[in-house]
Amino acid sequence: MNFSFLKRLGYYLGGFSVGLILLTFILSGKKTSCNYGPNARVLDNLSEKPIAIPTALKAKYHTLTDSLVQQLLTSGTVDFSKSDTKRDSCRLYHIDAAHKKSYLVVENCAKTVRIVDYKVALD
């Protein structure tokens, strides 16, 4: 091997490691996340907005609370085949719970999220 190649490789690895150390110090303690997948982007967008639960659904399902909806948004998966993403104003998303026995249909508008349908798991 050529000595100049080893020298350049050493400079590269040294700079790369210093850069990694700097990034670790800069990004530590901050709530940084990278949502690359469509599922993660949709769930992140939904969890940032205020949630409106209709009174009819609250009366029918007494366990349907804001905290339960947030839990479903963090642990659930979006079923895009059952969702209606072609709408212009408010898109409908079908969110399956982690155990696949419950689902939530939400309407994602510009400033709010409205629960459209909910099915509770019957064990």
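The values are calculated or read from the model by the stated rules, or taken from the named source; none is laboratory data. Since we're looking at a predicted model, the values are computed, not measured. All Cβ positions, even for glycine, are placed from backbone atoms using ideal geometry, and neighbour counts span all protein chains on display.
Laid out as a table, the results:
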read-out: Residue selected from segment 60-78 under the condition part of a loop (DSSP other than H, G, I, E, B) and surrounded by 15 or more Cβ atoms within 10 Å (Cβ to Cβ), by the criterion farthest from the chain's Cα centre (by Cα); value: Tyr61
read-out: Verdict on Ala121 being at pLDDT below 90 and touching a Gly at 6+ places or on another chain (Cβ under 6 Å); value: no
read-out: Any chance Ser4 is among the hydroxyl-bearing types (Ser, Thr, Tyr), loosely packed, with under 11 Cβ neighbours inside 10 Å and not assigned by TED's automatic domain parsing to the domain that holds Ala110; value: yes
read-out: Selection from segment 1-54 of residues that are of a type in the set (S, T, N, Q) and assigned to a loop (DSSP other than H, G, I, E, B); value: Asn2, Ser28, Thr32, Ser33, Asn35
read-out: Residue identified as charged (D, E, K, R) and either surrounded by 13 or more Cβ atoms within 10 Å (Cβ to Cβ) or in a helix (DSSP H, G or I) (or both) among Lys101, Lys82; value: Lys82
